[in-house]
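Let me begin by presenting the structure, written as structure tokens, before commenting on it.
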């Protein structure tokens, strides 16, 4: 390196332009020396940084190789992503350190017991077992012909998909099996705390980005597109630390339907051989996949993109959307009811019912409140009915209370799951059934009704107005409002192209234009409902049904 600098200086001294500078006098010579000094300084800094980077890279490579063998798991992520995705050792080891620090992974088993669900008849829910507890509750986790629905309660989306899969498993005819709901965060442990800290960061980031908008929202949105091969490598290393959360399920050939890729990665790392990963969204990213599992996707865009990326065909299948049993099996009845309501020829027109749920991270506060403010004139005239699901977010419940009181809008409040079912039952009685007030606010203290209420109300809503998350794939006409992460844009495109939803309404004015269309032009809602019926005929909404069928085939092969 120093010989190169010497030759460069010698060439500069012999250069005619350099000599002319020197001949110009002491002032020019002074600045020439300054420039030469700056150049040499920058070159030295660059050389030092390159040397440091090389040292860090070598140390990171050594660290990564250690992590792969301690512990060694059946996850072969490097082989899965292939040579076209070279590793950044520094990035992967930093992400791993950020997730777990210097923690050493354990391969112990947290003993679990399968208890009857408090919310869903027939469903079993795994919980950490007290030391002294024995009996049949533990025996459920030793049977390989059962179906385990594995999830993580991060936001509402993964849990919603898990309950959708469970609804099909519970309704499966001809299977002598139990359906067991296995939420990693429902098992009190050190490993669960590792996940909770990550979830808190995600939820807080989503809320801040949504409220601040502008550059912050743009940066957050782009970060949601960064699930590359290195992110999958880091997630695979993280999964090795979570194995105790699933090792309590004794039979390693038990079918595991994972509705969060971390669950799928953990199951494969723990040695489970029948793992089904339900891939979320419509934006293909390595981070969403699970090496060694059967990865099921909702649409052809993801299917084709993953094949192009090099995912083995044997580990990939296109099946359809993740939708609950009650919505899919009632599509003809519910869509025809909506069409009748939209095309009512009587003098009294049926005002559309709009369901507005708040996402699990509690983001979108600013947008939804602005949207609701614009709806106030229509609400006072009862030209629309709005069902607000604040979920279990106290800050959204309080914000809705304040806004409705400010504009003197009368509203009812529903706070239990039984009241939600009663509300649905009343509106199913007749096409012209009406809620008492223009606004009904649904707000809960518990997590389950917060998630389930949106699914229950979809049957009696004319329009679902939500961000393009997992709900963008639901069989109901949708006004898709401003996304939180850029990965959600492709989900909105999927819905619009299938004809069951609008393009993403990035502004409140754009969302209101769709609301006015729904009121003034029944053709839009009619077209959406007719598209849903046609989509259903070819299995677009049957993804969870197909996932359960595959799991049952695996279970039967274990018998």
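Under Stokes-Einstein, with the Kirkwood radius over Cα pairs as Rh, the value for segment 372-494 at 37 °C and 0.692 mPa s is 214 µm²/s.
In this structure, residue 412 and residue 523 have a Cβ-Cβ separation that, at R0 = 35 Å, corresponds to a calculated FRET efficiency of about 0.65.
Would you mind calculating the gained length between residue 118 and residue 538 on full extension (0.36 nm times residue separation, minus the Cα-Cα distance), in nm to one decimal? Don't skip to the answer; put the middle values down first.
Working: separation 420, 0.36 × 420 = 151.20 nm, distance 3.50 nm.
Residue separation times 0.36 nm, minus the Cα-Cα distance, leaves 147.7 nm.
For the chain, the longest principal axis of the alpha carbon atoms and the long axis of helix 26-69 meet at an angle near 50°.
As an exercise, take the mean of 1/r over every pair of distinct alpha carbons in segment 431-500, invert it, and state the Kirkwood radius in angstroms.
13.6
Rounded to two decimals, the Cα radius of gyration of segment 326-537 over 2.2 N^0.38 Å is 0.93. Of all DSSP beta bridges located in the chain, what percent are antiparallel, nearest 5? Once the DSSP bridges in the chain are tallied, antiparallel ones form about 10 percent.
Where does each of 282-293, 160-171 land if you order them by average Cβ count within 10 Å, highest first?
Highest-to-lowest ranking by the protection proxy: 160-171, 282-293.
By the compact-protein rule of thumb, 2.2 N^0.38 Å, the alpha-carbon radius of gyration of the chain corresponds to a ratio of 1.16. Note on residue 107 and residue 557: with the Förster distance fixed at 30 Å, the Cβ-Cβ geometry gives a FRET efficiency of about 0.65. Here the spin labels are modelled as points 7 Å beyond Cα on the Cα-Cβ line, and at residue 369 and residue 516 they lie 2.5 nm apart. Put a dot 7 Å past the Cα of residue 497, heading toward its Cβ, do the same for residue 428, and the two dots end up 3.5 nm apart. Put simply, the C-alpha atoms of segment 427-557 give a gyration tensor, and the ellipsoid matching it has half-axes of 26, 20, 17 Å, longest first.
For segment 305-326, no residue has its backbone nitrogen under 11 Å from a point 7 Å from the Cα of residue 79, taken along Cα to Cβ.
Take 426-433, 452-459, 266-273, 514-521 and order them by the average number of nearby Cβ atoms within 10 Å per residue, most first; the result is 266-273, 452-459, 514-521, 426-433. For the chain, the longest principal axis of the alpha carbon atoms and the long axis of helix 417-427 meet at an angle near 60°. A simple spin-label model places the labels of residue 308 and residue 349 4.4 nm from each other, with each point 7 Å out along Cα-to-Cβ.
Kindly provide the helix-only [θ] at 222 nm of the chain, computed as the sum of -39,500 (n - 2.57) over DSSP H runs of four or more divided by all residues, to the nearest 500 deg cm²/dmol?
Here the helix-only value at 222 nm equals -16500 deg cm²/dmol.
For segment 468-528, compute the orientation-averaged projected area of the C-alpha convex hull (one quarter of its surface), in nm². Answer in nm², one decimal: 3.7. At a Förster distance of 45 Å, what's the computed FRET efficiency of residue 28 paired with residue 55, Cβ-Cβ distance as r, to 0.05? E between residue 28 and residue 55, to the nearest 0.05, is 0.65. The angle between the Cα long axis of helix 214-223 and the main principal axis of the chain comes to about 90°, on a 0 to 90 degree scale.
Only the coordinates and a few stated rules stand behind these numbers; no lab work does. Note that this is a predicted model, so its numbers are computed, not measured. Here Cβ is always computed from backbone atoms with ideal geometry, including for glycine, and neighbour counts include all displayed protein chains.
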